[in-house]
Amino acid sequence: DTQSFYFYLTLSDGDTVVQIPLPQALSEEATRRGLEEGLKRFASGLLKTVAIMAPERSPYEAFGAPASNHYVQLSDALQADFSVEKTVLAEGRVPDNADLLMVIDPEGLDDKQVFAIDQFLMRGGSVAIATSPFAATLSQQSLSALPRASGLEGWLEHHGINLDESFVMDPQNAAFPAPVRREVGGFTFQELLMLDYPYFADLRTEGIDSETGIFASIPQITMTWSSPVLIDDEKNAERQITPLLRSSAGSWRSQSLDIMPQINEDGLSVYLPNGETSAQTLAVMAEGRFDSFFADQTSPLLVTPDREGEIDEAGQSEEMDAGEELGVVSSVIDRSPASARLVVFGSNSFLADQTLTMIGSAEGVVYNNTVQMMANLTDWTLEDRSLLSIRARGQFNRTLPPMAAADQTTIEYLNYLLALLGIGLVCLIH
(Lines give C-alpha, C1' and ligand atoms only; values in the text may rest on other atoms or scores of the structure.)
Protein backbone atom coordinates (compact mmCIF):
# COMPACT_ATOMS: atom_id res chain seq x y z
CA ASP A 1 0.00 0.00 0.00
CA THR A 2 1.41 3.37 -0.98
CA GLN A 3 -0.59 5.14 1.73
CA SER A 4 0.90 5.51 5.21
CA PHE A 5 -0.62 3.52 8.04
CA TYR A 6 0.17 2.60 11.64
CA PHE A 7 -0.26 -0.38 13.96
CA TYR A 8 -0.35 1.62 17.19
CA LEU A 9 0.54 5.01 18.62
CA THR A 10 2.15 5.93 21.91
CA LEU A 11 1.78 9.01 24.08
CA SER A 12 4.55 9.96 26.47
CA ASP A 13 5.25 12.76 28.94
CA GLY A 14 8.84 11.66 29.46
CA ASP A 15 8.07 9.35 32.38
CA THR A 16 4.93 7.42 31.42
CA VAL A 17 4.24 5.81 28.05
CA VAL A 18 0.64 4.98 27.11
CA GLN A 19 -0.17 2.87 24.06
CA ILE A 20 -3.07 3.91 21.83
CA PRO A 21 -4.27 0.72 20.08
CA LEU A 22 -5.50 0.60 16.49
CA PRO A 23 -9.27 1.35 16.64
CA GLN A 24 -11.50 -1.47 15.51
CA ALA A 25 -13.76 0.83 13.48
CA LEU A 26 -10.79 2.36 11.56
CA SER A 27 -12.59 5.70 11.55
CA GLU A 28 -11.59 9.24 12.41
CA GLU A 29 -14.01 9.34 15.34
CA ALA A 30 -12.72 6.07 16.79
CA THR A 31 -9.14 7.32 16.51
CA ARG A 32 -10.04 10.58 18.23
CA ARG A 33 -11.77 8.68 21.02
CA GLY A 34 -8.71 6.49 21.53
CA LEU A 35 -6.44 9.53 21.76
CA GLU A 36 -8.75 11.20 24.29
CA GLU A 37 -8.79 8.09 26.46
CA GLY A 38 -5.01 8.00 26.40
CA LEU A 39 -4.73 11.70 27.28
CA LYS A 40 -6.90 11.14 30.34
CA ARG A 41 -4.07 9.18 31.90
CA PHE A 42 -1.91 12.29 31.98
CA ALA A 43 -4.58 14.59 33.44
CA SER A 44 -5.00 14.79 37.21
CA GLY A 45 -8.36 13.83 38.67
CA LEU A 46 -9.69 11.83 35.71
CA LEU A 47 -8.23 8.51 36.83
CA LYS A 48 -7.92 7.19 40.35
CA THR A 49 -4.33 6.73 41.50
CA VAL A 50 -3.02 3.61 43.23
CA ALA A 51 0.31 3.91 45.03
CA ILE A 52 2.12 0.55 45.18
CA MET A 53 5.00 -0.25 47.48
CA ALA A 54 6.39 -3.63 46.36
CA PRO A 55 9.82 -5.18 45.78
CA GLU A 56 11.42 -4.41 42.44
CA ARG A 57 13.62 -6.75 40.40
CA SER A 58 17.22 -6.49 41.56
CA PRO A 59 19.77 -5.81 38.80
CA TYR A 60 22.12 -8.26 40.53
CA GLU A 61 19.81 -11.22 39.79
CA ALA A 62 21.32 -11.39 36.31
CA PHE A 63 24.69 -12.06 37.97
CA GLY A 64 23.51 -14.95 40.14
CA ALA A 65 22.01 -13.10 43.10
CA PRO A 66 19.04 -14.89 44.78
CA ALA A 67 15.78 -14.20 42.96
CA SER A 68 13.09 -12.26 44.80
CA ASN A 69 9.38 -11.82 44.27
CA HIS A 70 8.29 -9.43 41.52
CA TYR A 71 4.85 -7.91 41.01
CA VAL A 72 4.78 -6.82 37.37
CA GLN A 73 1.50 -8.59 36.59
CA LEU A 74 -0.25 -6.80 39.45
CA SER A 75 1.03 -3.42 38.29
CA ASP A 76 0.12 -4.08 34.65
CA ALA A 77 -3.40 -5.23 35.55
CA LEU A 78 -4.08 -2.13 37.64
CA GLN A 79 -2.70 0.19 34.94
CA ALA A 80 -5.52 -0.92 32.64
CA ASP A 81 -8.04 1.10 34.69
CA PHE A 82 -6.06 3.21 37.15
CA SER A 83 -3.04 5.44 37.31
CA VAL A 84 -0.33 3.45 39.12
CA GLU A 85 2.50 5.16 40.96
CA LYS A 86 5.30 3.12 42.51
CA THR A 87 6.77 4.37 45.75
CA VAL A 88 9.14 3.30 48.54
CA LEU A 89 7.87 5.90 51.08
CA ALA A 90 11.47 6.83 51.88
CA GLU A 91 10.51 10.48 52.49
CA GLY A 92 7.83 9.52 54.99
CA ARG A 93 4.95 10.54 52.71
CA VAL A 94 2.52 8.77 50.44
CA PRO A 95 2.26 10.51 47.03
CA ASP A 96 -0.23 13.37 47.33
CA ASN A 97 -2.35 12.17 44.41
CA ALA A 98 -2.77 8.62 45.77
CA ASP A 99 -6.31 7.40 46.43
CA LEU A 100 -5.30 3.92 47.61
CA LEU A 101 -2.04 2.57 49.05
CA MET A 102 -0.96 -1.04 48.50
CA VAL A 103 1.93 -2.35 50.58
CA ILE A 104 2.99 -5.72 49.14
CA ASP A 105 5.62 -8.02 50.67
CA PRO A 106 7.15 -5.42 53.03
CA GLU A 107 10.46 -6.06 54.76
CA GLY A 108 12.28 -4.04 57.40
CA LEU A 109 10.28 -0.82 57.08
CA ASP A 110 11.72 2.05 59.10
CA ASP A 111 9.85 4.62 61.20
CA LYS A 112 9.45 7.07 58.30
CA GLN A 113 7.87 4.44 56.07
CA VAL A 114 5.53 3.25 58.81
CA PHE A 115 4.69 6.89 59.58
CA ALA A 116 3.74 7.47 55.93
CA ILE A 117 1.36 4.49 55.99
CA ASP A 118 -0.06 5.57 59.36
CA GLN A 119 -0.76 9.15 58.36
CA PHE A 120 -2.30 8.14 55.03
CA LEU A 121 -4.76 6.00 56.98
CA MET A 122 -5.33 8.84 59.47
CA ARG A 123 -6.32 11.13 56.58
CA GLY A 124 -9.16 8.74 55.79
CA GLY A 125 -7.34 6.79 53.08
CA SER A 126 -7.59 3.11 52.25
CA VAL A 127 -4.57 0.86 52.87
CA ALA A 128 -4.18 -2.73 51.62
CA ILE A 129 -1.29 -4.74 53.09
CA ALA A 130 -0.08 -8.21 52.06
CA THR A 131 2.38 -9.52 54.64
CA SER A 132 3.31 -12.61 56.64
CA PRO A 133 5.81 -13.55 59.38
CA PHE A 134 7.45 -15.90 56.84
CA ALA A 135 8.82 -15.52 53.33
CA ALA A 136 8.95 -18.48 50.95
CA THR A 137 11.78 -18.59 48.43
CA LEU A 138 11.51 -20.80 45.37
CA SER A 139 14.39 -21.65 43.06
CA GLN A 140 15.14 -24.42 40.58
CA GLN A 141 17.03 -26.35 43.24
CA SER A 142 15.15 -25.68 46.47
CA LEU A 143 12.08 -24.38 48.25
CA SER A 144 12.59 -22.79 51.64
CA ALA A 145 10.96 -20.46 54.16
CA LEU A 146 12.60 -17.96 56.47
CA PRO A 147 11.24 -15.59 59.13
CA ARG A 148 10.34 -12.18 57.73
CA ALA A 149 10.24 -8.97 59.80
CA SER A 150 8.08 -6.47 57.91
CA GLY A 151 8.46 -3.59 60.34
CA LEU A 152 4.67 -3.32 60.56
CA GLU A 153 4.17 -5.80 63.41
CA GLY A 154 3.80 -3.16 66.14
CA TRP A 155 1.67 -0.90 63.95
CA LEU A 156 -0.76 -3.69 63.07
CA GLU A 157 -0.93 -4.85 66.69
CA HIS A 158 -1.78 -1.28 67.71
CA HIS A 159 -4.81 -1.50 65.41
CA GLY A 160 -5.86 -4.87 66.80
CA ILE A 161 -4.61 -7.04 63.93
CA ASN A 162 -1.96 -9.73 64.44
CA LEU A 163 -0.40 -12.35 62.18
CA ASP A 164 0.20 -15.71 63.83
CA GLU A 165 3.70 -17.12 63.32
CA SER A 166 2.51 -20.24 61.53
CA PHE A 167 1.43 -21.49 58.12
CA VAL A 168 -2.16 -22.39 57.32
CA MET A 169 -2.43 -25.95 55.99
CA ASP A 170 -5.63 -26.63 54.08
CA PRO A 171 -6.73 -30.10 52.85
CA GLN A 172 -8.71 -28.26 50.16
CA ASN A 173 -5.74 -27.03 48.18
CA ALA A 174 -4.31 -26.31 44.76
CA ALA A 175 -1.66 -28.60 43.30
CA PHE A 176 2.05 -27.88 43.46
CA PRO A 177 3.71 -28.44 40.05
CA ALA A 178 6.97 -30.24 40.83
CA PRO A 179 9.35 -30.73 37.85
CA VAL A 180 10.56 -34.33 37.50
CA ARG A 181 12.74 -36.08 34.94
CA ARG A 182 11.78 -39.28 33.19
CA GLU A 183 13.87 -41.51 30.95
CA VAL A 184 12.04 -43.28 28.14
CA GLY A 185 13.89 -45.24 25.47
CA GLY A 186 17.18 -43.53 26.20
CA PHE A 187 15.64 -40.06 26.04
CA THR A 188 15.23 -37.78 29.06
CA PHE A 189 12.02 -35.77 29.43
CA GLN A 190 11.05 -33.20 32.04
CA GLU A 191 7.43 -33.05 33.09
CA LEU A 192 5.37 -31.53 35.88
CA LEU A 193 4.10 -33.81 38.63
CA MET A 194 1.05 -32.37 40.40
CA LEU A 195 1.43 -32.87 44.15
CA ASP A 196 -1.04 -32.36 46.95
CA TYR A 197 0.23 -29.21 48.74
CA PRO A 198 -1.76 -27.86 51.71
CA TYR A 199 0.26 -24.62 51.75
CA PHE A 200 -1.76 -23.53 48.65
CA ALA A 201 -5.22 -22.98 50.14
CA ASP A 202 -7.90 -23.32 47.44
CA LEU A 203 -10.72 -21.01 48.54
CA ARG A 204 -14.15 -21.41 47.01
CA THR A 205 -17.62 -20.01 47.70
CA GLU A 206 -17.76 -20.89 51.39
CA GLY A 207 -14.38 -19.30 52.06
CA ILE A 208 -14.89 -16.08 50.08
CA ASP A 209 -16.85 -13.06 51.30
CA SER A 210 -20.08 -12.62 49.35
CA GLU A 211 -21.49 -9.50 51.01
CA THR A 212 -19.17 -6.67 49.95
CA GLY A 213 -19.02 -7.43 46.22
CA ILE A 214 -15.23 -7.40 46.13
CA PHE A 215 -15.20 -10.96 44.82
CA ALA A 216 -17.91 -10.51 42.20
CA SER A 217 -17.41 -13.03 39.36
CA ILE A 218 -14.36 -14.50 41.13
CA PRO A 219 -15.39 -17.97 42.37
CA GLN A 220 -11.90 -19.14 43.36
CA ILE A 221 -8.82 -17.70 45.08
CA THR A 222 -5.52 -19.48 45.80
CA MET A 223 -3.68 -18.17 48.87
CA THR A 224 -0.08 -19.36 49.04
CA TRP A 225 2.03 -19.82 52.16
CA SER A 226 -0.49 -17.90 54.25
CA SER A 227 -0.53 -17.10 57.96
CA PRO A 228 -3.68 -16.70 60.11
CA VAL A 229 -4.91 -13.14 60.60
CA LEU A 230 -6.00 -12.69 64.22
CA ILE A 231 -8.38 -9.94 65.34
CA ASP A 232 -8.35 -8.27 68.75
CA ASP A 233 -12.07 -7.76 69.36
CA GLU A 234 -11.49 -5.27 72.17
CA LYS A 235 -9.39 -2.90 70.06
CA ASN A 236 -11.79 -3.23 67.12
CA ALA A 237 -14.99 -2.87 69.14
CA GLU A 238 -15.93 0.40 67.38
CA ARG A 239 -14.93 -0.71 63.89
CA GLN A 240 -16.67 -2.89 61.33
CA ILE A 241 -14.66 -6.07 60.80
CA THR A 242 -15.26 -8.13 57.64
CA PRO A 243 -13.42 -11.45 57.14
CA LEU A 244 -12.72 -11.56 53.41
CA LEU A 245 -11.02 -14.94 52.99
CA ARG A 246 -11.21 -18.07 55.16
CA SER A 247 -9.73 -21.54 54.74
CA SER A 248 -11.81 -24.71 54.96
CA ALA A 249 -12.97 -26.19 58.26
CA GLY A 250 -10.35 -28.96 58.03
CA SER A 251 -7.39 -26.55 58.12
CA TRP A 252 -4.66 -26.63 60.72
CA ARG A 253 -1.56 -24.59 61.60
CA SER A 254 2.07 -25.55 61.15
CA GLN A 255 5.10 -23.76 62.60
CA SER A 256 7.61 -25.80 60.65
CA LEU A 257 9.78 -23.93 58.16
CA ASP A 258 10.24 -27.09 56.07
CA ILE A 259 7.82 -26.36 53.23
CA MET A 260 9.22 -28.85 50.70
CA PRO A 261 6.50 -31.16 49.30
CA GLN A 262 6.36 -34.44 51.21
CA ILE A 263 6.40 -37.52 48.98
CA ASN A 264 5.95 -41.12 50.14
CA GLU A 265 7.42 -44.28 48.60
CA ASP A 266 4.69 -44.36 45.96
CA GLY A 267 5.56 -40.87 44.77
CA LEU A 268 2.40 -39.37 46.30
CA SER A 269 2.19 -36.33 48.53
CA VAL A 270 0.50 -37.14 51.81
CA TYR A 271 -0.17 -34.64 54.61
CA LEU A 272 -1.98 -35.45 57.84
CA PRO A 273 -3.57 -32.81 60.12
CA ASN A 274 -1.42 -31.94 63.12
CA GLY A 275 -3.31 -30.40 66.03
CA GLU A 276 -6.70 -28.72 66.10
CA THR A 277 -8.54 -28.25 62.81
CA SER A 278 -10.74 -25.21 62.12
CA ALA A 279 -11.33 -22.51 59.51
CA GLN A 280 -8.62 -19.82 59.56
CA THR A 281 -9.03 -16.18 58.55
CA LEU A 282 -6.56 -15.32 55.78
CA ALA A 283 -7.70 -11.76 54.95
CA VAL A 284 -9.70 -9.17 56.84
CA MET A 285 -10.99 -5.63 56.34
CA ALA A 286 -11.41 -3.10 59.16
CA GLU A 287 -13.47 0.05 58.60
CA GLY A 288 -13.99 2.97 60.94
CA ARG A 289 -11.94 5.28 63.13
CA PHE A 290 -8.31 4.46 63.87
CA ASP A 291 -6.01 6.01 66.46
CA SER A 292 -2.54 6.89 65.21
CA PHE A 293 0.39 4.69 66.24
CA PHE A 294 2.41 7.93 66.54
CA ALA A 295 -0.12 9.87 68.63
CA ASP A 296 1.53 12.01 71.35
CA GLN A 297 4.93 11.30 69.76
CA THR A 298 7.35 13.42 67.79
CA SER A 299 7.06 13.02 64.05
CA PRO A 300 9.78 10.71 62.66
CA LEU A 301 10.24 13.26 59.88
CA LEU A 302 11.96 15.59 62.37
CA VAL A 303 14.69 13.12 63.27
CA THR A 304 17.54 12.47 60.85
CA PRO A 305 19.91 9.50 61.25
CA ASP A 306 23.01 11.67 61.77
CA ARG A 307 21.38 14.31 63.92
CA GLU A 308 19.28 12.70 66.61
CA GLY A 309 19.36 15.55 69.10
CA GLU A 310 16.97 16.41 71.89
CA ILE A 311 13.54 17.64 70.82
CA ASP A 312 12.51 20.98 72.27
CA GLU A 313 8.97 22.08 73.20
CA ALA A 314 8.31 23.43 69.71
CA GLY A 315 8.86 19.94 68.28
CA GLN A 316 12.07 20.76 66.44
CA SER A 317 15.51 19.22 66.86
CA GLU A 318 17.91 21.51 68.67
CA GLU A 319 20.60 20.64 66.15
CA MET A 320 18.56 21.64 63.08
CA ASP A 321 19.29 25.04 61.65
CA ALA A 322 16.68 27.36 60.19
CA GLY A 323 17.17 26.13 56.65
CA GLU A 324 16.56 22.50 57.59
CA GLU A 325 13.28 23.40 59.32
CA LEU A 326 11.71 24.70 56.12
CA GLY A 327 9.29 22.34 54.46
CA VAL A 328 9.07 19.86 57.36
CA VAL A 329 5.54 19.23 58.61
CA SER A 330 5.86 18.43 62.29
CA SER A 331 2.19 17.72 63.05
CA VAL A 332 0.84 14.22 63.61
CA ILE A 333 -2.79 13.38 62.85
CA ASP A 334 -3.96 11.55 65.96
CA ARG A 335 -7.22 10.04 64.71
CA SER A 336 -8.76 9.12 61.40
CA PRO A 337 -12.26 9.84 60.11
CA ALA A 338 -14.76 6.99 59.89
CA SER A 339 -14.05 6.59 56.17
CA ALA A 340 -10.64 4.96 56.79
CA ARG A 341 -10.18 1.33 55.66
CA LEU A 342 -7.44 -1.18 56.41
CA VAL A 343 -7.27 -4.48 54.49
CA VAL A 344 -4.72 -7.11 55.57
CA PHE A 345 -3.85 -10.28 53.64
CA GLY A 346 -1.81 -12.88 55.54
CA SER A 347 0.55 -13.75 52.69
CA ASN A 348 3.65 -12.21 51.13
CA SER A 349 3.63 -14.16 47.89
CA PHE A 350 0.11 -14.76 46.60
CA LEU A 351 0.40 -11.81 44.17
CA ALA A 352 3.96 -12.49 43.01
CA ASP A 353 4.62 -13.15 39.32
CA GLN A 354 6.43 -16.38 40.10
CA THR A 355 3.50 -17.66 42.17
CA LEU A 356 0.91 -16.77 39.54
CA THR A 357 2.94 -18.56 36.87
CA MET A 358 3.27 -21.65 39.06
CA ILE A 359 -0.46 -21.84 39.80
CA GLY A 360 -1.29 -21.26 36.15
CA SER A 361 1.00 -24.07 35.02
CA ALA A 362 -0.70 -26.46 37.44
CA GLU A 363 -4.18 -25.46 36.25
CA GLY A 364 -3.26 -25.17 32.57
CA VAL A 365 -4.58 -21.59 32.43
CA VAL A 366 -3.34 -18.02 32.74
CA TYR A 367 -4.13 -17.53 36.41
CA ASN A 368 -4.95 -13.98 37.46
CA ASN A 369 -7.82 -14.38 39.93
CA THR A 370 -5.84 -12.85 42.77
CA VAL A 371 -4.75 -9.91 40.62
CA GLN A 372 -8.37 -9.41 39.54
CA MET A 373 -9.36 -9.46 43.21
CA MET A 374 -7.01 -6.52 43.87
CA ALA A 375 -8.52 -4.61 40.94
CA ASN A 376 -12.00 -5.25 42.35
CA LEU A 377 -10.79 -4.17 45.78
CA THR A 378 -9.50 -0.92 44.28
CA ASP A 379 -12.86 -0.24 42.62
CA TRP A 380 -14.71 -1.10 45.81
CA THR A 381 -12.64 1.07 48.12
CA LEU A 382 -12.78 4.00 45.70
CA GLU A 383 -16.57 3.66 45.45
CA ASP A 384 -16.59 2.75 41.74
CA ARG A 385 -18.54 -0.50 41.94
CA SER A 386 -20.73 -0.40 38.84
CA LEU A 387 -18.50 -2.77 36.82
CA LEU A 388 -17.63 -5.29 39.53
CA SER A 389 -20.19 -7.83 38.32
CA ILE A 390 -18.73 -8.00 34.79
CA ARG A 391 -15.06 -7.07 35.34
CA ALA A 392 -13.94 -10.65 35.94
CA ARG A 393 -16.23 -12.36 33.45
CA GLY A 394 -14.49 -15.32 31.89
CA GLN A 395 -11.84 -15.53 34.58
CA PHE A 396 -11.79 -19.10 35.84
CA ASN A 397 -15.43 -19.43 34.74
CA ARG A 398 -15.23 -23.23 34.63
CA THR A 399 -14.08 -23.81 38.17
CA LEU A 400 -15.15 -27.27 39.31
CA PRO A 401 -16.43 -27.77 42.86
CA PRO A 402 -14.05 -29.68 45.17
CA MET A 403 -14.89 -33.39 45.61
CA ALA A 404 -13.99 -35.94 48.22
CA ALA A 405 -11.83 -38.90 47.19
CA ALA A 406 -14.76 -41.33 47.60
CA ASP A 407 -16.94 -39.23 45.25
CA GLN A 408 -14.16 -39.07 42.68
CA THR A 409 -13.77 -42.87 42.79
CA THR A 410 -17.52 -43.39 42.41
CA ILE A 411 -17.72 -41.16 39.35
CA GLU A 412 -14.65 -42.78 37.82
CA TYR A 413 -16.07 -46.31 38.17
CA LEU A 414 -19.44 -45.07 36.90
CA ASN A 415 -17.74 -43.77 33.74
CA TYR A 416 -16.08 -47.17 33.19
CA LEU A 417 -19.41 -48.94 33.72
CA LEU A 418 -21.30 -46.70 31.30
CA ALA A 419 -18.55 -47.16 28.69
CA LEU A 420 -18.76 -50.98 29.01
CA LEU A 421 -22.56 -50.88 28.82
CA GLY A 422 -22.31 -48.72 25.68
CA ILE A 423 -19.88 -51.17 24.05
CA GLY A 424 -22.16 -54.08 24.98
CA LEU A 425 -25.17 -52.30 23.50
CA VAL A 426 -23.31 -51.69 20.22
CA CYS A 427 -22.35 -55.37 20.07
CA LEU A 428 -25.98 -56.47 20.60
CA ILE A 429 -27.25 -54.17 17.88
CA HIS A 430 -24.71 -55.42 15.34
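Here are the numbers for this structure:
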item: Qualifying positions in the stretch 18-39 - open to solvent by 80 Å² or more (accessible area, probe 1.4 Å) and either closer than 16 Å to F82 by Cα or modelled with pLDDT under 80 (or both); result: Q19, P21, L22, Q24, L26, E36, E37, L39
item: In the stretch 6-15, residue surrounded by the fewest Cβ atoms within 10 Å (Cβ to Cβ) [restricted to those that are assigned to a loop (DSSP other than H, G, I, E, B) and modelled with pLDDT under 70]; result: F7
item: The stretch 72-105, residues that are hydroxyl-bearing (S, T, Y) and closer than 19 Å to G151 by Cβ; result: T87
item: Which numbered condition D105 fails, given (1) under 28 Å from T16 (Cα atoms); (2) open to solvent by 20 Å² or more (accessible area, probe 1.4 Å); (3) of a type outside the set (V, I, T); result: (2)
item: Selection count where residues are in contact with a Leu (Cβ under 6 Å, 6 or more places away or on another chain) and among the hydroxyl-bearing types (S, T, Y), scope the stretch 72-120; result: 1
item: Unmet requirement for T222, which otherwise passes all of (1) within 17 Å of the chain's Cα centre (by Cα); (2) of a type in the set (S, T, N, Q); (3) open to solvent by 10 Å² or more (accessible area, probe 1.4 Å); result: (3)
item: Test: residue in the stretch 88-100 that is open to solvent by 40 Å² or more (accessible area, probe 1.4 Å) and either of a type in the set (V, I, T) or part of a strand (DSSP E or B) (or both); result: yes
item: Of residues in the stretch 340-361 being of a type in the set (V, I, T) and within 28 Å of D118 (Cα to Cα), the one surrounded by the most Cβ atoms within 10 Å (Cβ to Cβ); result: V344
item: Residues (assigned to a strand (DSSP E or B) and either farther than 17 Å from F200 by Cα or out of contact with any strand residue (DSSP E or B) (no Cβ under 9 Å at 6 or more places or on another chain) (or both)) located in the stretch 157-178; result: I161, N162, L163
item: Residue check, A116 surrounded by 22 or more Cβ atoms within 10 Å (Cβ to Cβ), in contact (Cβ under 8 Å) with a residue 12 or more places away in the chain and in a strand (DSSP E or B); result: no
item: Residues of the stretch 344-372 satisfying the condition of being β-branched (V, I, T), assigned to a helix (DSSP H, G or I) and either without any contact (Cβ under 8 Å) to a residue 12 or more places away in the chain or farther than 19 Å from I52 by Cβ (or both); result: T357, I359
item: Output for the stretch 272-286, where each listed residue is of a type outside the set (V, I, T) and in a loop (DSSP other than H, G, I, E, B); result: L272, P273, N274, G275, E276, S278, A279, Q280
item: Which numbered condition E234 fails, given (1) open to solvent by 10 Å² or more (accessible area, probe 1.4 Å); (2) over 18 Å from D164 (Cβ atoms); result: (2)
item: Selection within the stretch 119-156 - open to solvent by 10 Å² or more (accessible area, probe 1.4 Å), polar (S, T, N, Q) and assigned to a loop (DSSP other than H, G, I, E, B); result: S139, Q140, Q141, S142
item: Which numbered condition D196 misses (of (1) of a type in the set (D, E, K, R); (2) out of contact with any strand residue (DSSP E or B) (no Cβ under 7 Å at 6 or more places or on another chain); (3) not in a loop (DSSP other than H, G, I, E, B)); result: (2)
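The values are calculated or read from the model by the stated rules, or taken from the named source; none is laboratory data. In this text, all values refer to a predicted model and were calculated from it rather than measured experimentally. Here Cβ is always computed from backbone atoms with ideal geometry, including for glycine, and neighbour counts include all displayed protein chains. With ligands, DNA and RNA removed, areas are computed over all heavy atoms of the protein, side chains included. Shrake-Rupley method; radii C 1.70, N 1.55, O 1.52, S 1.80 Å.
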